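The block underneath contains the structure these notes are about, expressed in structure tokens.
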Amino acid sequence: MKIIALLFSLVISAASVMTWASESPDTFWLGADISGTTELEAQGVQLYNAAGEPRENTQLMHELGLNAVRLRVWVNPQQGFCSPHDVLVMARRAKALGMAIMIDFHYSDWWADPHKQNIPAAWKNFNYEQMKQALAAHTRETLQLLKDDNIDVKWVQVGNETTHGFLWPMGRAETSMAQYAGLTQAGYEAVKQVYPAAQVIIHLDSACDPKRYDFIFDGLRRYGAHWDVIGVSVYPYWDKDAGLEQDLEGTLRDFTANLVRLSKKYGCETMVVETGTEAAKPQEGKQVMQAIIDAALNKTQGHCHGVFYWAPELEGQYPLGAFSNHRPTAIMQAFTEAAARLAARSAGPRR
């Protein structure tokens, strides 16, 4: 496997972190989905920085150079984690650190992804019109909760990895594209009612595979649904596991080509809203993340505007985290070094 990566040993100072957190029109976002933060805390898990000093997770991500967080929302989760009020707790922490916030609506009581898009229990007997109303109300109420706390939301995902639609079977794209589009539009309009400037993201998996993107976005366009940004998942590990790619080079080549193509075809920008690599191979993983960040930043003709790692702090239950012994591994150095390079570029030449 051939990886071209530039290695740096820069250290982020407090001043450069502040520069990185300040938004400009060409800001490139480095983020992480840290939605499990409060659940880890409830379990008594303490996180540490690489030096072994105790850290709260949001603060740790900020110190690593990240300038954004992604937070998922479940409708009525059994234990309360990732409920709207739990998300508010985590969003307050990001706001205090000047980090941009992405809200990811799953429209389910638990995980939603290409393999499962379960209707929330409270909505299970709704007809199509009632489902649109419930989705819109949940979206508005959650976002209003954040807005009432003076929290800005920069991006909102209407659904999570909706490669086959959501709220199955009613909104399954293969059998009910018109209803999936109508439900999506209901979410889009609800977002704009609360945060008119927020960018609405439609998110699919396997960015290397253009066919699934054409299917969904052609369908949404056909039935009049709107979006602002196409969000993608980039996981070389899962691409190879699914037989979509043979190696990292294939994923890098095909996901970047697809993002350029999508931007031109649909007239919108893109972001890598999920990525990850094998936690058990931190040095190799660092190179993988360096290559993904470099590709997103430099090989998409400027049409990709960020990279978000999914659940870096998650250990033991998932192979693609980025922590060991509750500390960030070398994988997260790829983000720290990218933040340093971007901060230096933003500062320009010194006299």
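We did not get these values from a lab; they are worked out from the coordinates using the rules stated. Note that the coordinates shown come from a computational prediction; the quantities given were computed from them, not determined experimentally. Don't worry about glycine lacking a Cβ; one is built from the backbone with ideal geometry, like all the others, and counts go over all protein chains shown.
Among the listed pairs K240/K264; K192/K286; K265/K299; K95/K240; K211/K299; K192/K240, give every one whose C-alpha distance is greater than 29 Å. Write down the numbers at each step before the final one.
Details: K240/K264 27 Å; K192/K286 38 Å; K265/K299 17 Å; K95/K240 37 Å; K211/K299 20 Å; K192/K240 38 Å.
Checking Cα-Cα distances, K192/K286; K95/K240; K192/K240 exceed 29 Å.
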Value of Rg/Rh across the range 256-320 [Cα atoms, Kirkwood radius]:
1.06
Scattering profile of the range 114-242 from the Debye formula, Cα beads only, expressed as log10 I(q)/I(0) at q = 0.13, 0.21 Å⁻¹, is -0.54, -1.25
Determine, for each peptide in 202-209, 157-164, the mean count of other beta carbons within 10 angstrom over its residues, then list the peptides with the highest first.
157-164, 202-209
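Around H115, with a cut-off of 11 angstrom between Cβ atoms, what is the net charge of the other residues, counting Lys and Arg +1 and Asp and Glu -1? Write out the running numbers ahead of the final one.
Values: positive: K116; negative: D113, E161, D205.
Taking every other residue near H115 into account, the sum is -2.
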Per residue Cα convex hull volume for the chain, in cubic angstrom?
132
Could you give the distance between the Cα centres of the range 303-335 and the range 65-91, to the whole Å?
18
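Taking 45 Å as R0, compute the FRET efficiency from the Cβ-Cβ separation of K299 and Q78 and round it to 0.05. Before the final figure, lay out the partial values.
On the way: r = 43 Å, r/R0 = 0.94.
The value I calculate is 0.60.
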Kindly point out which whole DSSP H helices in the chain project their C-alpha atoms 20 angstrom or further along the helix axis while averaging a Kyte-Doolittle hydropathy of -0.5 or above.
173-194, 248-266, 282-298, 333-347
For the range 198-305, how big is Rg over Rh, using alpha carbon atoms and the Kirkwood form of Rh?
0.98
Using a Gaussian network model of the chain with C-alpha springs under 10 Å, which one of A173, A51, A311 is most mobile by mean-square fluctuation?
A51
How far apart, in nm, are the 7 Å Cα→Cβ label points at H85 and K211?
4.7
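Using alpha carbon coordinates only, what is the Rg to Rh ratio of the range 240-351, with Rh defined as the Kirkwood radius? Don't skip to the answer; put the middle values down first.
Numbers: Rg = 15.3 Å, Rh = 15.1 Å.
Using only Cα positions, Rg/Rh for the range 240-351 is 1.01.
Please give the peptides 248-260, 87-99 ranked by average Cβ packing (other Cβ atoms within 10 Å per residue), highest first, as a rough proxy for protection.
248-260, 87-99
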So what's the gap between the Cα centers of the range 207-270 and the range 139-154, to the nearest angstrom?
29
What helix-only [θ] at 222 nm does the chain give? Using -39500 (n - 2.57) per DSSP H run of at least 4, over all residues, to the nearest 500, the answer is -13000 deg cm²/dmol
Simple spin-label estimate for H115/S324, 7 Å along Cα→Cβ, in nm, reads 2.6
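Round to the nearest 0.05 the FRET efficiency obtained for E249 and D152 when R0 = 41 Å and r is the Cβ-Cβ distance.
Working: r = 38 Å, r/R0 = 0.94.
Computed FRET efficiency for E249 and D152 comes out at 0.60.
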Shape call, the range 107-154: gyration tensor on alpha carbons, a/c limit 1.5
oblate
Using Cα-only point scatterers and the Debye equation, what is log10 of I(q)/I(0) for the range 32-98 at each q in 0.15 Å⁻¹, rounded to two decimals?
-0.47
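Using 0.36 nm per residue, how much length does the chain from N127 to E141 gain when fully extended, once their Cα-Cα distance is taken away?
Working: separation 14, 0.36 × 14 = 5.04 nm, distance 2.07 nm.
Between N127 and E141, full extension yields 3.0 nm more.
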Rg and Dmax of the range 71-134 over Cα atoms: what are they, in angstrom?
13.5, 42
